[in-house]
1. Using r as the Cβ-Cβ distance of Glu322 and Asp89, and R0 as 22 Å, what FRET efficiency do you calculate, to the nearest 0.05?
2. Between the alpha-carbon centers of the stretch 236-268 and the stretch 292-324, tell me the distance in whole angstrom.
3. Residue by residue through the stretch 452-466, which ³J(HN,Hα) values in whole Hz follow from phi under the Karplus form 6.51 cos²θ - 1.76 cosθ + 1.60 (θ = phi - 60°), with glycine and proline marked x?
4. Given the C-alpha centroids of the stretch 427-444 and the stretch 166-222, what is the distance between them in whole angstrom?
5. Using the Karplus curve 6.51 cos²θ - 1.76 cosθ + 1.60 with θ = phi - 60°, work out ³J(HN,Hα) for each residue of the stretch 354-359 in order, rounded to whole Hz, and write x for Gly and Pro.
6. For Thr73, list long-range residues whose amide hydrogen, built 1.01 Å from N in the peptide plane, is under 5 Å from its own amide hydrogen.
7. What distance in nm separates the simple spin-label points at Asn201 and Asp484, each placed 7 Å from Cα in the Cβ direction?
8. When you count, for each residue, the other Cβ atoms within 10 Å and take the mean per peptide, how do 132-138, 58-64, 252-258 rank with the highest first?
Amino acid sequence: MAYCAKRIPVKYGALPFPQPEAHFLFILASSSPQLMMRNVYLFLSVLIPFFTVAQNKEARFLSQPTLTPDGQTVIFSYEGDLWKAGIKDGQATRLTGMQGYESSAKVSPDGKWIAFTGRQFGNPDVYIMPLDGGEVRQLTWFSGTDDVSSWSWDSKNIYFTSNRLTRSSTYKVSIAGGTATPVFGQNFFLNDHNVFENPTNGEIFFNDTWESSSQLSRKGYKGPYNPDIQSYNPTTKKYVKYTDWQGKDFGATTDKAGHVYFMSDEANGEYNLYTFQNGKKQALTNYPKSIKSASVNAAGGSVVFEKDYELWLYNVAARKAEKLHISIFRNNVLMKEKDFNVRGAISSFDISPDGKKIAFTSRGDLFVSDIEGKFTQAINNRNSERISEVKWLADNRSLLFVQTVDGYRNLYTIAADGKGEIKQLTTDKKNDRALTFNHKRTKAVYLSGRDEIKMIDLKTFEIKPLVKDEIWGMQNSEPDFSPDDE
């Protein structure tokens, strides 16, 4: 069966819905909603306000921060680009505007350059640019993964992790370009990463298990692949193991005096900031939620890291950390009408109990349509967070859906006509997902985090835990009811 969609002009008031900022209209040659939602071309004609208002607000979801040598400026990734902001005023400016995604920025010890990982051609490569912005130069051209780790202390070479010969190994490349060379020789430590030089004695620090590279999200692991803080001196051939905790010690960073800072889960199972004092491991923070991407400035005295999707700065002398208040400024933008092809991008859909309407999600947005797809309305997502699942409630007028809030997926409900406010049903600091209704649409079950199955009463929205166990292997599975709904 063939399907087609034609976009036709629509005036406000022509649709049987309230008038939001965007309207959608389709004429479809299909009588099967299931096949229609799977196969059809959807052309979305979006009417956007003529101007958007300039924004200057405190931002979240900033990642992979690093500091200039003097500790007065922070460089970070946001919206796929590199930005910099003063520590005191927090006003951020964009450094890159490339087509790919830029991450893993590191500032050279002399304060002149930023090395970063760029994905301009699909795969990660090493790039370099002046600290204040300017010409960007590509230094590696490998078809796999080259991810920036650190600088040499003479500011002439960049260390990066690559899968050129093994799962993971470290190479260095000159800022002038040329052939990259392995740091430890061919397959010496097999999985070395998180590499940096100690400026006081020439030893090279590293981790060498996947638990500190690709498995950082797996907390609580204790076994033969626990990462430790280690070093190797290429000149003296001396190997040193600095930690022996049966958990994770990883992500070390050092200043010009050789003071080492790293992350560990020893205190409470969450990643916190640590250092060495008189050769002994000492905790500097004790947060109930993990930090990420700790980095000390070259001159020493400040360590920047991620926490709760924001940037924090630890003052070594004062022994305390404070949140950095980073403001992102966007200019006014002249918008115009756009067409979007979302074929293959419908992530979930559900047919109303009366068989007259369809709700679906596409590219993180929520839509409602009549059963033939002729009239489609975008449900106004007031907080602009991503929506991933949607279900109709038994009244044919309300929707239950899954939406991200503060980095976690939670349950919400809203009227299907777009009127009224969105109501948040759960406030879990873990992902709620895989909604399944019983046949009468009076109850639903879902996965919550890595260790719970919960039930929600669809009339009262009361939630009851059913199972609490290690079910993290069921990430892509759905709980279900028996045929008798019992």
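The values are calculated or read from the model by the stated rules, or taken from the named source; none is laboratory data. Please read these numbers as outputs of a predicted model, since none were measured by experiment. Cβ: placed from backbone, ideal geometry, glycine included. Neighbour counts: every protein chain shown. The protein model used for the area step is the full one, side chains on, heavy atoms only, and it has no ligands, DNA or RNA in it. Shrake-Rupley method; radii C 1.70, N 1.55, O 1.52, S 1.80 Å.
1. Values: r = 14 Å, r/R0 = 0.66.
With R0 = 22 Å, the Cβ-Cβ based efficiency is 0.90.
2. One Cα centre to the other: 17 Å.
3. Here the 3J(HN,Hα) series is 9, 10, 10, 10, 10, 6, 7, 9, 9, 6, 6, 10, 10, x, 10 Hz.
4. Here the two parts' Cα centres lie 43 Å apart.
5. Whole-Hz 3J(HN,Hα) from phi for the stretch 354-359: 7, x, 9, 9, 10, 10.
6. Thr68, Ile87
7. Modelled inter-label distance: 7.2 nm.
8. Values: 132-138: 11.9, 58-64: 17.0, 252-258: 19.0.
Per-residue Cβ counts within 10 Å, averaged per peptide and sorted highest first, yield 252-258, 58-64, 132-138.
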